[in-house]
Amino acid sequence: RFMAAASSTLASVVDYESTLQKVAALAVPQFADWCAVDMVNDDGTLRRLAVVHVDPAKVKLAHELDRRYPADPASPHGVHQVLRTGKPDTMGEISDELLVQGAKDDEHLRLLRELGLRSYMCVPLKGRAKLLGVITFVSAESRRRYAPRDLAFAEELASRATIAIENATLYSELREADRLKDEFLAMLAHELRNPLAPIRNTLYILKQPSSDESLARQVLDIAERQVHHMARLLDDLLDVSRISRGRIELRKEPLDLTAVVNRSVEALRPLFEQGRHELTVSLPPSSLRVEGDATRLEQVLTNLLNNAAKYTDAGGRIWVTIERQGNDAVVRVRDSGVGIAPDMLPRVFDLFVQAERRLDRSQGGVGIGLTLVRKLVELHGGRVGAHSEGVGRGSEFVVSLPAMAERGQPNGEASDGDDARPMPKRKVLVVDDNPDSADTLALVLRLAGQDVRTAYDGAAALAAAEEFRPDLVLLDIGMPGMDGYQVAQRLRKDLDFRDQVLVALTGWGQDEDRRRSEEAGFDRHLVKPIETKVLMELLRELGRRSST
């Protein structure tokens, strides 16, 4: 009857602490005169969750005994013995001689005798991965002596209680994950809507007859920054997903970390200027080389610098320091901003976690940037840590990467001078079922001196390609009817496009999409929105290929 009642209670578990207290209450007096539940804290210490006896005065006495004479962790019996071994500890009869041996003084002995202990069983609560706690059953007034069948009963109860505890923990974690998911989706919607307002305003301003060239440049700069912000947010989302599934591959090569930091700083300089931040960059006297993926390391530093700018008030200070420490190349990004509360420091790298969600920090992102930073740094064999003296006292993020042997090489990387070359004129076919996307891209290419045609579906693309014979085809993938993969296959096979360059220009950027692009005959796979400099480099690369 007791096991049925206990199982019914455990089946409805939501808060395991209150449920275990109920189980302890059920055990008294049917199965024990005393029942105590001790749970293991994260630091290995014990927390007494419940002590139950039919007489409230004796419960008070037990608490006084525990306060004045806490259990010895080295004791060969009792709760601590179970914690050390993970096995039950029982005593069929507690003699007065045993009480005398265990008492620390006369007062201790008096209290022990007053409790009237006769027999006990300490049973572990064994979880899947660790010991969760101990349930102790004690016989006193009933003078019951626990036997092996009683221990089997107690172990079965502990097993059911353990399952209930783990289910309650999982339920709590799922509930927290669901809360974070809802909060994340709300923040994501907010972050994606925010850039649309200045972009829409830019379009309105440009349509006005009174708009002059100076105003147009000003608002276009604003729109460009917002587009970059949206693209970075979506890229981070996709990268976190890829890394979590082990689907990201680094393109490592020896590189100068100082040059990587310099590029990241320059990319965000408009943001620092906008916030009137005083930026200090301290570089080592010579190059500091690491083996890494330059694009991914720039992503790491850009995220850290972006956070520093966001969470530092106007006029605040940001420091970037690069130095060698032993065998490590260390980058420190420190700011005088809002700081991080002590309870948040261990969690700042967790997915969807933000140290602060205030309306005046609405540009703070959705809590994925630091997760991405940690994962990318770890993929490079490095580590990243966060430090802060508290709210309002700034914060510091430290990235440590394995450094290569020192070489006498100047900071920075030489440019190949391609940007100074005149752009070669080529025939370019732009294919996209979104006319606005196709037409604006065609306009960008025409401004760069290219001969451009557009097509808005697969059949029109094949017809234009056969007539126009382009050198370069920028082809969307997700088109109705005949998709981009099918168009590429037809171009390669039916129209004998062996030397022409086919580039997939699409919103689909997963590894599987890239694999399918390669199989369909594409030379490159670029994810929208494409950077103008990437497009220009593509044209220069086409020029170099034709010249050879």
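The values are calculated or read from the model by the stated rules, or taken from the named source; none is laboratory data. Predicted model only: the values in this text are computed from it and were never measured. FYI the Cβ positions are ideal-geometry reconstructions off the backbone, even for glycines, and counts take in every protein chain you see. All accessible areas refer to the heavy atoms of the entire protein, side chains included, with ligands and DNA or RNA removed. Shrake-Rupley method; radii C 1.70, N 1.55, O 1.52, S 1.80 Å.
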Any residue at all in region 238-260 that is at pLDDT 75 or above, in a helix (DSSP H, G or I) and open to solvent by 60 Å² or more (accessible area, probe 1.4 Å)? no
Quick one: how many residues across region 201-220 are exposed (fewer than 12 other Cβ atoms within 10 Å of the Cβ) and within 35 Å of the chain's Cα centre (by Cα)? 0
Do you know which residues across region 462-480 are under 43 Å from the mean Cα position of the chain (by Cα) and either open to solvent by 60 Å² or more (accessible area, probe 1.4 Å) or closer than 18 Å to ASP499 by Cβ (or both)? ASP471, LEU472, VAL473, LEU474, LEU475, PRO480
Could you check how many residues of region 121-130 are open to solvent by less than 40 Å² (accessible area, probe 1.4 Å) and in contact (Cβ under 8 Å) with a residue 40 or more places away in the chain? 4
With respect to VAL82, is the statement that it is in a helix (DSSP H, G or I), more than 22 Å from ALA158 (Cβ to Cβ) and either open to solvent by less than 50 Å² (accessible area, probe 1.4 Å) or at pLDDT 85 or above (or both) true? no
What pairs come out if I take residues in region 270-293 that are closer than 27 Å to ARG225 by Cα and without any contact (Cβ under 8 Å) to a residue 60 or more places away in the chain and pair them with residues that are open to solvent by 60 Å² or more (accessible area, probe 1.4 Å) and of a type in the set (A, V, I, L, M, F, W, C) whose C-beta lies under 8 Å away, six or more apart or interchain? GLY275/ALA314; ARG276/ALA314; HIS277/ALA314
For residues in region 289-310 being at pLDDT 90 or above and closer than 11 Å to LEU257 by Cα, which is most open to solvent (accessible area, probe 1.4 Å)? GLU291
Could you tell me whether region 92-112 includes any residue that is surrounded by 12 or more Cβ atoms within 10 Å (Cβ to Cβ), free of Cβ contacts under 8 Å to residues at least 60 places away in the same chain, on the phi < 0 side of the Ramachandran plot and under 49 Å from the mean Cα position of the chain (by Cα)? no
For the list (1) at pLDDT 90 or above; (2) of a type in the set (Gly, Ala, Ser); (3) surrounded by fewer than 21 Cβ atoms within 10 Å (Cβ to Cβ), I need the number of the one condition that ALA504 fails. (3)
Residues within region 410-441 that are modelled with pLDDT of 90 or more, open to solvent by less than 30 Å² (accessible area, probe 1.4 Å) and not in a loop (DSSP other than H, G, I, E, B), tallied: 4
Can you work out which of the residues in region 483-538 that are in contact with a Leu (Cβ under 8 Å, 6 or more places away or on another chain) and of a type in the set (Phe, Trp, Tyr) is farthest from GLU224 (Cα to Cα)? PHE497
Going through region 1-46 in order, the residues found to be among the hydroxyl-bearing types (Ser, Thr, Tyr), under 19 Å from LEU170 (Cβ atoms) and open to solvent by 20 Å² or more (accessible area, probe 1.4 Å) are SER7, THR9, SER12, TYR16, SER18
Single condition ARG498 does not satisfy, out of (1) in a helix (DSSP H, G or I); (2) farther than 19 Å from ASP439 by Cβ: (1)
Any pair with Cβ under 8 angstrom, 6 or more apart, that starts in region 53-78 at a residue that is more than 18 Å from ALA27 (Cβ to Cβ) and ends at one that is open to solvent by 80 Å² or more (accessible area, probe 1.4 Å): LEU61/GLU114; ASP66/ARG48; TYR69/LYS104
For region 134-144, state whether one or more residues are of a type outside the set (Ser, Thr, Tyr), more than 22 Å from MET39 (Cα to Cα), out of contact with any Asp or Glu (no Cβ under 6 Å at 6 or more places or on another chain) and part of a loop (DSSP other than H, G, I, E, B). yes
Taking into account only those residues within region 447-461 that are within 42 Å of the chain's Cα centre (by Cα) and closer than 20 Å to MET536 by Cβ, which is most open to solvent (accessible area, probe 1.4 Å)? LEU447
Given the condition under 21 Å from ASN167 (Cα atoms) and surrounded by 13 or more Cβ atoms within 10 Å (Cβ to Cβ), answer yes or no: does some residue in region 52-62 qualify? no
Which residues, counting only those in region 302-322, are among the polar types (S, T, N, Q) and part of a helix (DSSP H, G or I)? THR302, ASN303, ASN306, ASN307
